[in-house]
Amino acid sequence: MKSFDKRQAPILITFLLGSIVLSLKLAQIQLFDDSYKALAQKTILDKQTIYPSRGLMYDRTGKLLTYNKSIYDIEAIYRNVDEKMDTSLFCQLVDIERERFETLLNKNWRDKRYHKSLPFTFMSKLEQSVFGKFQEQLFQFPGFYPVTRNIRAYPHKSAAHILGYLGEVDNNILNLSASVYEPGDYIGMSGLERFYEDKLRGQKGTKFLLRDNVGREVSSFSEGRLDSIAVQGTDLYTTIDLELQTYCESLMKNKRGSIVAIEPSTGEILTMLSAPSYDPNDLNLDKNRGKAFARLTEDKIQKPLLDRSIAARYPPGSIFKPILSLISLQEGVFTPNTFVACNGYYQYKTFKYGCHEHPSANNVAAALMHSCNSYFFMMVRDLIEKEGFYNPEKGLNTLNKYLYEFGLGNELGVDLMHESPGFVPTPEYYKYLYRSEGGRWYSTYIMSIGIGQGELELTTLQMANLAAILANRGHYYTPHLVKGFSDPALEIDERYTTKKELSIEPQYYDIVIDGLEKTITRGTGYKAYVPGISICGKTGTSQNNQRDGKDHSVFYAFAPKDDPKIAIAVYVENAGFGGDIAAPIAGLAIEKYLNKEVTRKYREEQIMNINLIDTP
């Protein structure tokens, strides 16, 4: 054995002395000193969740669209509840019966949403006065904990479909986002609240407390070193002009339909509404929400929860004619000065398709001004038959190639859920439709598309985007509702700032826009005319295939003609001719936005007094 190295002695002595001191201290704590044992027996570690304030929303001018409102809940941890506590006093404080108390406390512990050692919501949405009384007596009720959360409230009654509403997370959400949400949490269910949930919700904080055996706070655990603060959600700066939004909603009172207005140079949505609508406060998370939601859901006639601006699909009617004109001019099947005779109808063999009385159109601009059906029946036939009458598939594919460029037949990509793509019929669709005829079809079968009827369907958002494309003479930005965030590190998705160019040559836009300007000054859209503002627009009357009333009134426009500031589409269900209802609504909205006031009070009063809902 090697001899002992004297240099190791100090190290060994230090090690032995340290071990002896630690052993003596451990013996004192465990064998002789009861204070730590008593503290452990008398305290409970309580993990508290600190809920963040949800991000706010503002309109494009800085007006507040949402704010947060406190609600008061009581949570419980079943294993911490004292069976000997004064249950009668508890029930008296929160105004419930003993049977109700038992029902709320004894959960189905087989349900994975609940665990006897984890907190669950015992009661929610207590009145502030009741919550305050409960807090004063909290020390008598171990296992019960007061919780303050934030819900949405709205300073205005506008933009319900845009803003959306909150709801409690369900099992599906919990299973998908177990690390983010817990039972009892609230989440955006629709509108911007849902689309930007990840930015609005913020980040929860955590606080660990030591409580005594009657629930009183003793101290922070580990001097708060494990605590984390709640991080407020990110604010949204929306593109909406609240003043215009509110005004358009007043114009659509007692009507069914939608309005969408876009700033052409950016794709920012200035207003987007669906009528009938509802007060967004009806669906905040207070005690009356259930009744309000049931009332709105059960209204199968007016369907106030349906966002008609992006989810409803409509035949566009004659507002499709300018788009068909651009495509036909680009493809060379019509020239700017093509003449088509019209005697009040278009005839094919023994069939006659009606047109209203007007002079025969000797050019494209005149055809648009008069909205001549005969002209566009001929135009769509020439386009579909470009490769011959018996080869319509190639012609339809050519038409559809351009329609997809215009953003039709697909979702545009607005920052909302449940956007409809509309419908653009394809050769395959018609082969199936006419399968009883061996899948054969010809231009004469589908020429109603030329006047925006038949199988073609668009959303109001797509119609407004068409007006924006016309205003920009051949490009657009994906329509969107948020222009920025309170967090400077965040930027809106680049798809909303990327210009989308169409393949139609610029000179053809001037020809079509000349016709749209004449539509307002001398044609079917004269009721949209505003003195001092050069408006370019097109009326449409969309056939009502459901046979539940009059046809639908359609109009889109942009203004001013040069350097456009607004593009708008108006769709009013069962309102008849497009020039009678939709056109004047658009004219009033344009005047309100550009001039900040409306001078044609007679027209405003006339529109506001029209009731298309209660009329038999």
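The single residue among ALA153, ALA76 that is under 30 Å from ALA261 (Cα atoms) and assigned by TED's automatic domain parsing to the domain that holds LEU192 turns out to be ALA153.
Of the residues ALA583, ALA567, ALA575, the single one that is among the small types (Gly, Ala, Ser), surrounded by 24 or more Cβ atoms within 10 Å (Cβ to Cβ) and part of a strand (DSSP E or B) is ALA567. The set of residues from the range 501-514 being touching a residue at least 60 places away in the same chain (Cβ under 8 Å) and touching a strand residue (DSSP E or B) at 6+ places or on another chain (Cβ under 8 Å) comprises just one member, LEU502.
If I filter the range 307-321 for residues that are surrounded by 23 or more Cβ atoms within 10 Å (Cβ to Cβ), at positive phi and outside any loop (DSSP other than H, G, I, E, B), do I get at least one hit?
Within the range 307-321 (the criterion being surrounded by 23 or more Cβ atoms within 10 Å (Cβ to Cβ), at positive phi and outside any loop (DSSP other than H, G, I, E, B)), the answer is yes, since at least one residue qualifies.
Every condition in (1) in contact (Cβ under 8 Å) with a residue 60 or more places away in the chain; (2) within 27 Å of PHE555 (Cβ to Cβ); (3) of a type in the set (S, T, N, Q) is met by SER374 except one, and the failing one is (1). Of the residues making up the range 344-371, those that are out of contact with any Pro (no Cβ under 9 Å at 6 or more places or on another chain), under 24 Å from TYR526 (Cβ atoms) and in a loop (DSSP other than H, G, I, E, B) are GLY344, CYS355, HIS356, GLU357, HIS358, PRO359, SER360, ASN362, SER371. Pairs meeting the criteria (first residue in the range 327-345 and more than 25 Å from GLU357 (Cα to Cα), second residue hydrophobic (A, V, I, L, M, F, W, C), beta carbons under 6 Å, at least 6 apart or on different chains) are GLN330/ILE504; VAL333/LEU383. Taking (1) among the hydrophobic types (A, V, I, L, M, F, W, C); (2) within 29 Å of GLY191 (Cα to Cα); (3) in a loop (DSSP other than H, G, I, E, B) in turn, ALA468 satisfies each apart from (3). Checking each residue in the range 471-509 for being assigned to a helix (DSSP H, G or I) and of a type in the set (S, T, N, Q) picks out ASN472, GLN507. Does the range 350-358 include one or more residues that are assigned by TED's automatic domain parsing to the domain that holds MET463 and buried (at least 22 other Cβ atoms within 10 Å of the Cβ)? No, the range 350-358 has no match at all.
If you go through the range 125-170 and keep only what is closer than 18 Å to LEU192 by Cβ, in contact with a Lys or Arg (Cβ under 6 Å, 6 or more places away or on another chain) and not small (Gly, Ala, Ser), you end up with ASN150, ILE151, LEU166. Would the range 444-461 turn up any residue that is closer than 21 Å to LEU163 by Cα, loosely packed, with under 15 Cβ neighbours inside 10 Å and touching a residue at least 12 places away in the same chain (Cβ under 8 Å)? No; the residues of the range 444-461 include none that is closer than 21 Å to LEU163 by Cα, loosely packed, with under 15 Cβ neighbours inside 10 Å and touching a residue at least 12 places away in the same chain (Cβ under 8 Å).
The values are calculated or read from the model by the stated rules, or taken from the named source; none is laboratory data. Remember, it's a predicted structure, so these values are computed and weren't measured experimentally. Please note: Cβ atoms are built from the backbone with ideal geometry, for glycine as well, and neighbour counts cover all protein chains shown.
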